[in-house]
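Undergrad: Structure provided below as structure tokens; questions to follow.
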Amino acid sequence: MLLFLYILLCFFQLQAKVGNTPCRMMGEPKHPLLFKDGDVTIGALFPVHSIETLSSFKFTQKPQFLSCSSVNLRDFRLAQIMIFAIEEINRSESLLPNVSIGYRIYDTCSSRMSSMSATVGLMNGLEIEAGDTCSGQSPIHAIIGETESSATVILSRTTGPFKIPVISHAASCECLSNRKDYPSFFRTISSDYHQGRALAYIVKHLGWSWVGAVNSDNDYGNNGMAIFLNTAQKEGICVEYSVKFYRTEPEKLKKVVDTIKKGTVKVIVAFISFLEMGLLTEQLSIQNITGLQMVGVEAWITSKSLITPTTFRVLGGSLGFAMRKINIEGFADYVIKAFWDTAFPCSHDQGNDSQIKVNCSSYQDLLVLKNYNEDVPEHRFSSNAYKAVYAVAHSLHSLLKCKTQEGCANGLKIQPQQVVEALKKVNFTVKFGDRVWFDSTGATVAQYEVVNWQQDFDGSVQFKPVGYYDASLPPDQRFVVNTENILWAGGQLEKPRSVCSESCPPGTRKAAQKGRPVCCYDCILCAEGEISNETDSNNCRQCPGEYWSNAEKDKCVLKTLEFLSFTEVMGIVLVFFSLFGAGLTLLVAIVFYSKKDTPIVKANNSELSFLLLFSLTLCFLCSLTFIGRPTEWSCMLRHTVFGITFVLCISCVLGKTIVVLMAFKATLPGSNVMKWFGPVQQRLSVLAFTLIQVLICVLWLTISPPFPSKNMKYYKERIILECSLGSTVGFWAVLGYIGLLAVLCFILSFLARKLPDNFNEAKFITFSMLIFCAVWITFIPAYVSSPGKFTVAVEIFAIFSSSTGLLFCIFAPKCYIILLKPEQNTKQHMMGKTTSKFY
């Protein structure tokens with residue numbers, strides 16, 4: 001316990017000693033490039049020079065200050081616009097009246113080391129009087145800068161613990177939007193979240209799906225490129241390569257140039273800082289890599305210093321997003337006169353201080369710019385620095401409770417933390433019409449101008465506006481590009497194409513190439529029955545059931561309807577044969593009727609012969625019902641008419657066969673069979689046989705009749721219009737009954753074929769039945785295996801063949817005798833022959 005009390009007492013004594021120790025600056029203070037005292041002070045960090053020379057570190061003497069060279073005109077103008085804005089405010093009677101604003105502007109020499117040194121210099125101040133104690137408060141109230149995102153990250157992380165507000169005019173890295181890590185950071189430029197996405201949108205809009213990507217290896221380039229690549233993937237844009245380098249890495253730069261040289265893309269998205277872009281352009285020019293369409297960002301797209309006769313061959317026609325071009329009234333005149341008279345340290349009498357003389361020697365490279373202001377209209381970041389100064393002024397105005405007539409309150413001590421809170425609430429409009437306010441991430445709304453590098457007739461290069469991107473507008477109105485006004489890479493008027501594979505036309509689909517990005521694909525023709533009616537279709541879609549793809553595979557058309565029509569060649573031939581058969585049968589009937597009283601006609605019941613001829617005529621004609629587009633009535637008629645007419649025909653033949661048998665039996669002594677099968681019985685037998693078929697057909701039509709149907713099983717590309725049988729049992733019952741009568745007729749005629757008679761009709765009936773049965777037995781497998789209209793053709797052919805066989809086998813011999821051998825058409829000849837044969 002005593003030990004604990006002792007340690008606690010020692011701690012309090014040590015704390016008291018530290019608290020009373022005066023502040024002492026370690027080393028020499030870093031002096032600002034431009035400075036002015038005021039009631040409140042705004043600090044600033046700008047890379048006014050772009051090359052830093054390191055002193056030798058021998059550790060034998062105190063290191064000298066780092067020296068800088070190569071003036072960076074863009075950032076020197078930013079320093080000038082800041083002073084210009086401060087002087088405007090100091091002259092204003094409405095904004096911070098009776099309060100003067102001072103400034104401390106440091107040159108960071110585009111170096112992170114110098115940036116860190118300048119940051120510490122801003123926070124410490126130039127000198128500390130003896131006896132002063134460390135108050136923990138910075139002598140400045142806000143810092144404007146840095147230009148680059150990586151340097152701004154260093155600045156914000158360093159000043160963050162002290163709650164010093166940092167307002168950047170150009171640091172657009174999305175990483176700085178994190179309010180947890182950078183709670184006191186603000187910017188008058190929008191986040192690269194919008195620019196990265198806008199780059200992908202413009203590439204997509206211009207039809208480029210195959211691009212290369214190059215970025216600076218720093219916070220600005222890495223974060224911006226990550227946003228672009230993520231959005232590009234969502235938009236279907238493929239990246240052949242994504243490479244990066246930093247200004248101090250010449251080996252990496254060489255690899256980047258080699259990658260670009262070997263690449264196949266025609267478009268390169270360059271998310272690069274200003275200095276890296278200069279180095280890349282120089283190397284591309286040395287290796288004569290031209291004709292590539294560059295798509296750039298606001299960091300370099302409007303940089304006049306990049307324009308030289310050699311680099312324009314590389315960058316000519318470049319397209320990219322730039323800050324809006326704003327003319328600040330009075331600034332162009334200020335940079336060539338008032339600035340040098342009032343703000344430049346070595347332009348007026350500074351006394352005989354030797355230190356000042358040494359400093360003035362380092363200002364000589366800036367004096368070269370004293371009478372030059374042609375670049376001022378194109379310095380688009382100037383308005384951002386101008387707005388940043390005014391944002392600080394408006395926040396101080398509210399904190400100091402300033403009023404136009406009464407001025408600002410005296411004696412109020414402003415803490416940087418208060419300025420941070422006041423900046424969150426600022427909302428004002430500057431003199432050129434822009435409204436200034438900060439969103440929840442500390443940034444402003446994204447508003448870009450799309451510019452194009454074009455060369456005028458006099459050889460000068462202009463940044464021509466060809467569109468815009470405004471995130472404050474509705475999504476469908478944010479992005480506009482007028483491609484008609486664009487001059488493309490190499491001075492071409494025609495937009496370059498940059499695709500890994502050409503677009504797949506309608507009728508094809510994309511098939512990814514193995515191991516390559518999705519933008520590299522082959523175009524595969526859609527399969528039969530599938531279509532794609534749009535360019536670059538990923539899949540072909542199946543046509544609906546009754547549709548089929550056309551020859552180009554880009555449209556579904558109705559499938560061809562197939563049926564045996566009267567107009568096609570096969571239909572015409574079958575109609576001809578059907579009518580020919582019917583005509584021939586009628587001709588035979590006419591011949592028979594003209595010779596109806598002759599013995600050969602009267603033999604074997606002439607009434608059955610005429611009925612047989614009538615049924616054969618119907619058989620020939622019924623085949624016509626099978627031709628033409630199937631309808632409900634034609635489907636029911638074709639099978640029923642066919643079945644009934646053929647049964648009538650076979651019944652007549654069967655009757656004639658029985659007559660032959662009965663006639664022979666009647667010639668035997670004591671036989672009286674003919675009275676049992678006379679003309680009446682013959683008529684009744686034909687009627688009975690036919691009625692059975694009629695009954696079968698009635699049952700078929702009643703229970704499940706045939707009906708027209710669309711058969712899509714045999715062919716995918718066409719529809720077969722056919723008559724569905726309805727009940728297959730009914731169909732085969734009709735055929736089976738015809739077959740049964742035909743077989744019965746064949747057996748009876750076969751038995752009667754050798755009966756003694758001069759003109760035995762049984763042998764001709766046997767032969768006709770043999771043909772009939774052979775035709776219909778052959779028909780069954782042909783009918784089952786023949787698809788579509790050929791099924792109908794096979795059935796018609798079977799009807800024609802069997803009918804013709806009956807006609808010729810039964811009536812041809814009789815017609816031969818009637819027409820060519822009339823001398824044999826006598827009763828004596830027929831009976832004489834019979835008698836002589838019989839005995």
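The values are calculated or read from the model by the stated rules, or taken from the named source; none is laboratory data. On a predicted model such as this, the values are computed, not experimentally measured, just so you know. Note: ideal-geometry Cβ built from the backbone for every residue, glycine included; neighbour counts use all protein chains shown. What goes into the accessible areas is simple: the full protein's heavy atoms, side chains included, and nothing from ligands, DNA or RNA. Shrake-Rupley method; radii C 1.70, N 1.55, O 1.52, S 1.80 Å.
Undergrad: Restricting to strands (runs of 3 or more DSSP E) lying wholly in the stretch 189-298: which have 3 or more residues that are in contact with an Asp or Glu (Cβ under 8 Å, 6 or more places away or on another chain) and crowded, with 21+ Cβ neighbours inside 10 Å?
TA: 210-216
Undergrad: Being surrounded by 19 or more Cβ atoms within 10 Å (Cβ to Cβ) and more than 47 Å from the chain's Cα centre (by Cα) is the filter here, so list the residues in the stretch 391-401 that pass it.
TA: VAL392, ALA393, HIS394, SER395, LEU396, HIS397, LEU399, LEU400, listed by residue number.
Undergrad: Moving on to the next point. Within the stretch 426-480, which residues are more than 30 Å from LEU396 (Cα to Cα), β-branched (Val, Ile, Thr) and in contact with a Phe, Trp or Tyr (Cβ under 9 Å, 6 or more places away or on another chain)?
TA: Those that are more than 30 Å from LEU396 (Cα to Cα), β-branched (Val, Ile, Thr) and in contact with a Phe, Trp or Tyr (Cβ under 9 Å, 6 or more places away or on another chain): VAL450, VAL451, VAL461, VAL480.
Undergrad: Go through the stretch 428-469 and report how many residues are touching a strand residue (DSSP E or B) at 6+ places or on another chain (Cβ under 8 Å), farther than 20 Å from PRO165 by Cα and among the hydroxyl-bearing types (Ser, Thr, Tyr).
TA: 4
Undergrad: Are there any pairs with C-beta distances below 8 angstrom linking a residue in the stretch 581-610 that is without any contact (Cβ under 8 Å) to a residue 24 or more places away in the chain to a residue that is open to solvent by less than 20 Å² (accessible area, probe 1.4 Å), with the two at least 6 apart or on different chains, and if so which?
TA: Cβ pairs passing all conditions: SER606/PHE592; PHE610/PHE592.
Undergrad: Only residues that are in a helix (DSSP H, G or I) and free of Cβ contacts under 8 Å to residues at least 12 places away in the same chain: list them for the stretch 64-93, please. Let's see the steps before the verdict.
TA: To start, the set of residues in the stretch 64-93 that are in a helix (DSSP H, G or I) comprises 73-91.
Scanning the stretch 64-93 gives GLU88, ARG91.
Undergrad: Residues in the stretch 576-583: is at least one under 14 Å from CYS815 (Cβ atoms) and not hydrophobic (A, V, I, L, M, F, W, C)?
TA: No, the stretch 576-583 contains no residue that is under 14 Å from CYS815 (Cβ atoms) and not hydrophobic (A, V, I, L, M, F, W, C).
Undergrad: Hey, could you check the stretch 366-394 for residues that are out of contact with any strand residue (DSSP E or B) (no Cβ under 8 Å at 6 or more places or on another chain) and touching a residue at least 60 places away in the same chain (Cβ under 8 Å) and say which is nearest to ASN427 (Cα to Cα)? Can you show your working first?
TA: Keep residues of the stretch 366-394 that are out of contact with any strand residue (DSSP E or B) (no Cβ under 8 Å at 6 or more places or on another chain), which gives 367, 370-377, 379, 382, 386.
Next, only the ones that are touching a residue at least 60 places away in the same chain (Cβ under 8 Å) stay: 375-376, 379, 382, 386.
Details: ASP375: 30, VAL376: 27, HIS379: 24, SER382: 20, TYR386: 15 Å.
Checked the stretch 366-394; the qualifying residue nearest to ASN427 (Cα to Cα) is TYR386.
Undergrad: Using beta carbons and a limit of 7 Å, which pairs, at least six apart or on different chains, have the first residue in the stretch 301-316 and touching a residue at least 60 places away in the same chain (Cβ under 8 Å) and the second one open to solvent by less than 40 Å² (accessible area, probe 1.4 Å) and assigned to a loop (DSSP other than H, G, I, E, B)?
TA: ILE301/SER318; THR302/ARG380; LYS304/ASP375
Undergrad: Counting residues that are at pLDDT below 85, which helices (runs of 4 or more DSSP H) fully inside the stretch 354-433 reach at least 3?
TA: Because the criterion is at least 3 residues that are at pLDDT below 85, the helices (runs of 4 or more DSSP H) in the stretch 354-433 that meet it are 354-361.
Undergrad: Okay, next question. State the number of residues belonging to the stretch 551-608 that are out of contact with any strand residue (DSSP E or B) (no Cβ under 6 Å at 6 or more places or on another chain), charged (D, E, K, R) and crowded, with 20+ Cβ neighbours inside 10 Å.
TA: 1
Undergrad: Identify all residues within the stretch 717-751 that are open to solvent by 70 Å² or more (accessible area, probe 1.4 Å) and in contact with a strand residue (DSSP E or B) (Cβ under 7 Å, 6 or more places away or on another chain); write none if there are none.
TA: Listed by number, the list holds a single entry, GLU717.
Undergrad: Still on this structure: Yes or no: ALA443 assigned to a loop (DSSP other than H, G, I, E, B), out of contact with any Asp or Glu (no Cβ under 7 Å at 6 or more places or on another chain) and surrounded by 15 or more Cβ atoms within 10 Å (Cβ to Cβ)?
TA: Working: assigned to a loop (DSSP other than H, G, I, E, B): yes; out of contact with any Asp or Glu (no Cβ under 7 Å at 6 or more places or on another chain): yes; surrounded by 15 or more Cβ atoms within 10 Å (Cβ to Cβ): yes.
Judged against the criteria, ALA443 is a match.
Undergrad: Would you confirm, using the coordinates I've provided, whether LYS163 is over 44 Å from the mean Cα position of the chain (by Cα), surrounded by fewer than 24 Cβ atoms within 10 Å (Cβ to Cβ) and not hydrophobic (A, V, I, L, M, F, W, C)?
TA: Numbers: over 44 Å from the mean Cα position of the chain (by Cα): yes; surrounded by fewer than 24 Cβ atoms within 10 Å (Cβ to Cβ): yes; not hydrophobic (A, V, I, L, M, F, W, C): yes.
Criteria met by LYS163.
Undergrad: Give the stretch 230-258 a look and list any residue that's under 28 Å from THR147 (Cβ atoms) and touching a Phe, Trp or Tyr at 6+ places or on another chain (Cβ under 7 Å), or say none.
TA: LYS252, LEU253, VAL256
Undergrad: Still on this structure: Can you tell me which residues in the stretch 609-657 are polar (S, T, N, Q) and open to solvent by 30 Å² or more (accessible area, probe 1.4 Å)?
TA: The initial filter retains those residues of the stretch 609-657 that are polar (S, T, N, Q), namely 609, 615, 617, 623, 625, 631, 634, 640, 645, 651, 657.
Matches in the stretch 609-657: THR625, THR631.
Undergrad: While we're here: Of all residues in the stretch 537-550, count the ones that are open to solvent by 50 Å² or more (accessible area, probe 1.4 Å) and either without any contact (Cβ under 8 Å) to a residue 60 or more places away in the chain or in contact with a strand residue (DSSP E or B) (Cβ under 6 Å, 6 or more places away or on another chain) (or both).
TA: Final tally of qualifying residues: 6.
Undergrad: Another question, then. So which of ALA200, ALA170, ALA226 is under 30 Å from PRO139 (Cα atoms) and of a type in the set (A, V, I, L, M, F, W, C)?
TA: Values: ALA200 fails: under 30 Å from PRO139 (Cα atoms); ALA226 fails: under 30 Å from PRO139 (Cα atoms).
None of the others qualify; the one that does is ALA170.
Undergrad: Take PHE457 and decide whether it is closer than 30 Å to TYR201 by Cα, aromatic (Phe, Trp, Tyr) and open to solvent by 10 Å² or more (accessible area, probe 1.4 Å).
TA: Judged against the criteria, PHE457 is not a match.
Undergrad: Let me ask something else about it. Let me confirm something: among ILE780, ILE692, ILE696, which residue is modelled with pLDDT under 80 and in a helix (DSSP H, G or I)? Break it down into steps so the answer makes sense when it comes.
TA: Details: ILE692 fails: modelled with pLDDT under 80; ILE696 fails: modelled with pLDDT under 80.
Answer to the selection: ILE780.
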